[in-house]
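S.K.: My questions will all concern the structure given below.
The values are calculated or read from the model by the stated rules, or taken from the named source; none is laboratory data. This is a predicted model, so every value here is computed, not measured. Please note: Cβ atoms are built from the backbone with ideal geometry, for glycine as well, and neighbour counts cover all protein chains shown.
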Amino acid sequence: MDQILILLIISGFISYSAWIFSTINTNKIGTQIASGAMFIIVLLLLWRVFQLNLDFGLVLSIATLVAGLSWIMGLILKLKSLISESGSYFWILLVILCIRSFAYEPYQIPSSSMEPGLQVGDFVLVNKFAYGLRLPAINKLVSKGKEPKRGEVAVFIPPHSLCDSTPEEARPELSSMSIRDSQIFLSRFLSLQEARCTTLGIKYIKRVIGLPGDRIEIKGYELFINGNKVKQELLDKSSEESLYLETIDDIDHIVRTLGISEYENFVWDVPPNKYLVIGDNRDNSLDSRAWGYFSKENLIGRGEFIWLHWGSFTELPHFQRNKRIQ
């Protein structure tokens, strides 16, 4: 557990206790000081949460629980101010939690792996009920939904970002692979896991290419699904990049190539309850080619809309890129 985070939580609990004590004793100055301290600590907590890339669903669930317990405490102690403030926060947080958990969740694009369709700084609405309803924080499926389709853009947790995941879970066929290929995959997967894994994992967004039972082949930049070559139409070519219109199961999207992986070859037979994903920026994407398949249980939702773009803190956010994701 992060020491700064623990210190902030303890400081928040002390400030909260001081606020209750001052309120009971009608100490207005003490109440104002404690209230101001709590406000600053909450801001610092949010800053630390985002800095550590913690699961915001878990944080929101805990905040809702704390607000509810605080409301109950106000009823027990008969403190009108605590009842009023905690009650209002509880219902606001509960509504946000329900919308975020069962309807739509905002997701910010952190890298260029899905360019040109999704750019760094795009804020995406993720449909949380597209693949079935899941409990917040623990991501446990509580109702069945549709299976992901080829060509859809999905948000999920890849195996290398989970510290308790094994290479065999990412590539169940590992034992039947050639010694050379298995050693290359093991080395790459374990190094990625060591550098990036967390207890709850990290959310990625990629395009679904392979479904359970599919045979996927990549020969240079040519993509084959179950022996059928995926249609690609050249849109633009320069000395730096090439843009292609790719069509997978009637879903059109633009892919970008840089000429780096022109001679690479991959073959996958996707196992049951597993999915294979690749980024649209084919030469600059950390995807299934590096860390294998992701499991059905680690699906988060389907990316549907770009609703905001905010490239950096040095520029103003705008809505010029608002569009449905293809």
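S.K.: Taking into account only those residues within the stretch 118-157 that are more than 30 Å from LEU243 (Cβ to Cβ) and among the aliphatic types (A, V, I, L, M), which is surrounded by the fewest Cβ atoms within 10 Å (Cβ to Cβ)?
M.R.: Within the stretch 118-157, the match that is surrounded by the fewest Cβ atoms within 10 Å (Cβ to Cβ) is VAL142.
S.K.: Part of a loop (DSSP other than H, G, I, E, B), of a type outside the set (Asp, Glu) and in contact with a Lys or Arg (Cβ under 6 Å, 6 or more places away or on another chain) - does that describe any residue in the stretch 51-72? Write out each step before concluding.
M.R.: We begin by selecting, within the stretch 51-72, every residue part of a loop (DSSP other than H, G, I, E, B); these are 52-55.
Pick out the ones that are also of a type outside the set (Asp, Glu) and you get 52-54.
When the remaining residues are screened for being in contact with a Lys or Arg (Cβ under 6 Å, 6 or more places away or on another chain), the result is none.
Scanning the stretch 51-72, I find no residue that is part of a loop (DSSP other than H, G, I, E, B), of a type outside the set (Asp, Glu) and in contact with a Lys or Arg (Cβ under 6 Å, 6 or more places away or on another chain), so the answer is no.
S.K.: Kindly state which strands (runs of 3 or more DSSP E) lie completely within the stretch 227-326 and contain at least 1 residues that are over 29 Å from PRO167 (Cα atoms) and in contact (Cβ under 8 Å) with a residue 12 or more places away in the chain. Spell out the reasoning first.
M.R.: Numbers: elements: 231-237, 242-248, 251-257, 265-269, 274-278, 299-309.
Per the criteria, 231-237, 242-248, 251-257, 299-309.
S.K.: Also: For PHE294, state whether it is touching a Phe, Trp or Tyr at 6+ places or on another chain (Cβ under 8 Å), hydrophobic (A, V, I, L, M, F, W, C) and within 25 Å of TYR104 (Cβ to Cβ).
M.R.: Answer is yes for this residue.
S.K.: Name the pairs whose Cβ atoms lie under 6 Å apart, with the first residue in the stretch 106-118 and among the hydroxyl-bearing types (Ser, Thr, Tyr), the second at pLDDT 90 or above and part of a loop (DSSP other than H, G, I, E, B), and 6 or more positions between them or separate chains?
M.R.: Partner pairs satisfying both residue conditions: SER112/VAL120; SER112/ASN284; SER113/GLY279; SER113/SER285.
S.K.: Okay, next question. Among (1) under 22 Å from GLU304 (Cβ atoms); (2) in contact with a Ser or Thr (Cβ under 9 Å, 6 or more places away or on another chain), which single condition is ASP164 missing?
M.R.: (1)
S.K.: Please determine, by comparing only the residues of the stretch 67-117 that are under 18 Å from ARG207 (Cβ atoms) and out of contact with any strand residue (DSSP E or B) (no Cβ under 7 Å at 6 or more places or on another chain), which one is surrounded by the fewest Cβ atoms within 10 Å (Cβ to Cβ).
M.R.: So, considering only residues that are under 18 Å from ARG207 (Cβ atoms) and out of contact with any strand residue (DSSP E or B) (no Cβ under 7 Å at 6 or more places or on another chain), the one surrounded by the fewest Cβ atoms within 10 Å (Cβ to Cβ) is PRO110.
S.K.: Any chance the stretch 176-198 includes a residue that's in the same structural domain as ASN284 (by TED's automatic domain parsing), surrounded by 16 or more Cβ atoms within 10 Å (Cβ to Cβ), among the basic types (Lys, Arg) and under 24 Å from GLY117 (Cβ atoms)?
M.R.: yes
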